[in-house]
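**Q** Dumping the structure here so I can ask a few things about it.
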Amino acid sequence: MQRLATHTGSFNAWLRGFGNRIERSSPGQGLVEYSLLLLLIVLVCIGIVTILGQTVSGVWYDRIINSWPTS
């Protein structure tokens with residue numbers, strides 16, 4: 001039973017050390033978060049252009065056709 005407690009203690013020490021290494025190596029995490037935020041912004045912009053694109057295109061097309069000189 002004493003041997004199991006020794007192994008458990010060393011595992012706990014290893015786990016604490018691993019957690020400390022993860023906390024110190026977090027600069028890459030910021031890059032991932034900014035990348036995900038940029039992806040979300042791009043997807044929202046694509047969605048807006050998809051929804052409003054036809055409407056805006058129709059409005060400009062009508063203005064051009066109506067202002068075109070006829071003979």
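**Q** Which of the residues belonging to segment 1-10 are of a type in the set (Ser, Thr, Tyr) and at pLDDT below 65? Full working, then the answer.
**A** Going through segment 1-10, the residues of a type in the set (Ser, Thr, Tyr) turn out to be 6, 8, 10.
Matches in segment 1-10: 6, 8.
**Q** Something else now. With (1) modelled with pLDDT under 70; (2) outside any helix (DSSP H, G or I) as the list, and residue 69 as the residue in question, which single condition is left unmet?
**A** That leaves (1) as the condition not met.
Residue-wise test of (1) part of a helix (DSSP H, G or I); (2) in contact with a Lys or Arg (Cβ under 7 Å, 6 or more places away or on another chain); (3) at pLDDT 80 or above; (4) loosely packed, with under 10 Cβ neighbours inside 10 Å.
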residue	(1), (2), (3), (4)
12	yes, no, no, no
21	yes, no, no, yes
28	yes, no, no, yes
34	yes, no, yes, no
39	yes, no, yes, no
42	yes, no, yes, no
46	yes, no, yes, no
52	yes, no, yes, no
64	yes, no, yes, yes
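The values are calculated or read from the model by the stated rules, or taken from the named source; none is laboratory data. For clarity, every value in this text was computed on a predicted model and none was experimentally measured. We place every Cβ from the backbone using ideal geometry, glycine too, and count neighbours over all the protein chains shown.
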